[in-house]
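Report on the following structure.
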Amino acid sequence: MSDISERFEKALLSLDRLAVRRLVTESAGRLTAMELVDGVIVAALRSIGERWERGDTSLSQVYMSGRICEELVDRLLPPGDPQRKDQPPMAIAVLEDYHLLGKRIVYSVLRAGGFEIKDYGRVTVDEVVSKVKSDQIRVLLISTLMLHSALRIREVAAKLKAELLDVKIVVGGAPFIFDTQLWRDVHADAMGASASDVTEIIQVLMGSLS
């Protein structure tokens with residue numbers, strides 16, 4: 001799968017939509033949708049994010065690569081059964097970051113699995129706390145690509161606690177994969193290493209909520 005990921009990454013950096021779609025089509029017969037998402041799309045975007053951190057690629061390439069992949073994920077992971085699961089109110093957000101793909105993948109996985117979830121898009125610390133309070137959210141999923149954004153989750157957790165809001169925070173994204181203890185440092189309740197982890201994490205958290 002590494003060869004496909006490398007070719008996919010090269011096509012993304014060139015912003016070559018046709019080459020990206022062709023690679024996905026070629027791989028579709030051998031890989032499931034989740035294998036394509038986790039093993040090819042996420043792997044390539046993670047590598048592009050690392051390139052940006054090193055100064056080897058531009059922010060516009062990171063942004064446009066994410067947009068191209070969001071379109072692919074919408075096709076690969078469409079909403080599933082309209083009968084949604086009984087659950088506490090949930091929301092997902094990207095915290096002060098420009099990379100929305102991780103959020104889109106997790107959102108699609110949960111929707112396809114029968115969960116309802118509010119999509120807050122890209123938000124600041126104060127915005128997400130306000131939305132969580134207004135919507136009475138009990139499970140908040142936060143996706144980040146950059147380390148500085150991941151570290152600000154600690155502020156979200158502190159402000160939610162100050163508001164006396166009982167909210168479980170689930171985090172995901174490259175910084176938490178590079179440092180497997182970071183989710184604890186920012187006072188999250190759980191961390192998903194891949195999009196395929198999220199359904200099981202939500203099920204466990206649902207059992208712990210009063």
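Restricting attention to the range 3-10, does a residue exist that is among the acidic types (Asp, Glu), outside any helix (DSSP H, G or I) and closer than 27 Å to Ala150 by Cα? Looking for residues that are among the acidic types (Asp, Glu), outside any helix (DSSP H, G or I) and closer than 27 Å to Ala150 by Cα, one finds none in the range 3-10, hence no. Among the residues making up the range 160-174, a single one is crowded, with 16+ Cβ neighbours inside 10 Å and on the phi > 0 side of the Ramachandran plot: Gly173.
Is it the case that the range 35-54 has a residue that's within 28 Å of Val167 (Cβ to Cβ) and at pLDDT 80 or above?
Yes, some residue in the range 35-54 is within 28 Å of Val167 (Cβ to Cβ) and at pLDDT 80 or above.
You will find that of Lys103, Lys131, the residue that is surrounded by 14 or more Cβ atoms within 10 Å (Cβ to Cβ), under 16 Å from the mean Cα position of the chain (by Cα) and charged (D, E, K, R) is Lys103 and no other. Say whether the condition of being closer than 21 Å to Lys103 by Cβ, among the hydroxyl-bearing types (Ser, Thr, Tyr) and open to solvent by 40 Å² or more (accessible area, probe 1.4 Å) is met by at least one residue in the range 45-62. Taking every residue of the range 45-62 in turn, at least one turns out to be closer than 21 Å to Lys103 by Cβ, among the hydroxyl-bearing types (Ser, Thr, Tyr) and open to solvent by 40 Å² or more (accessible area, probe 1.4 Å).
Of the candidates Arg138, Arg111, Arg154, the single residue that is of a type in the set (Lys, Arg) and out of contact with any Pro (no Cβ under 6 Å at 6 or more places or on another chain) is Arg154. When the range 141-166 is filtered for residues that are assigned to a loop (DSSP other than H, G, I, E, B) and in contact with an Asp or Glu (Cβ under 9 Å, 6 or more places away or on another chain), the ones remaining, listed by number, are Thr144, Leu145, Met146, Arg152. Arg152 passes every criterion in (1) within 20 Å of Ala188 (Cα to Cα); (2) at pLDDT below 95; (3) touching a Leu at 6+ places or on another chain (Cβ under 7 Å); (4) open to solvent by 20 Å² or more (accessible area, probe 1.4 Å) apart from (2).
Entry remark, the range 180-205: residues being modelled with pLDDT under 95 and not aliphatic (A, V, I, L, M) number 8 in total.
The number of residues in the range 175-210 being buried (at least 22 other Cβ atoms within 10 Å of the Cβ) and under 21 Å from Ser108 (Cβ atoms) comes to 5.
With respect to (1) at pLDDT below 80; (2) surrounded by fewer than 18 Cβ atoms within 10 Å (Cβ to Cβ), the lone exception for Asp119 is condition (1).
Each residue in the range 122-140 was checked for being of a type outside the set (Ser, Thr, Tyr), without any contact (Cβ under 8 Å) to a residue 40 or more places away in the chain and assigned to a helix (DSSP H, G or I), and 6 of them qualify.
The values are calculated or read from the model by the stated rules, or taken from the named source; none is laboratory data. Since the model is a prediction, treat every value here as computed from it, not as a measurement. Using ideal geometry, Cβ is built from the backbone for each residue, glycine included, and neighbour counts are taken over all protein chains shown. Side chains are part of the model used for accessible areas, which takes the heavy atoms of the whole protein and leaves out ligands, DNA and RNA. Shrake-Rupley method; radii C 1.70, N 1.55, O 1.52, S 1.80 Å.
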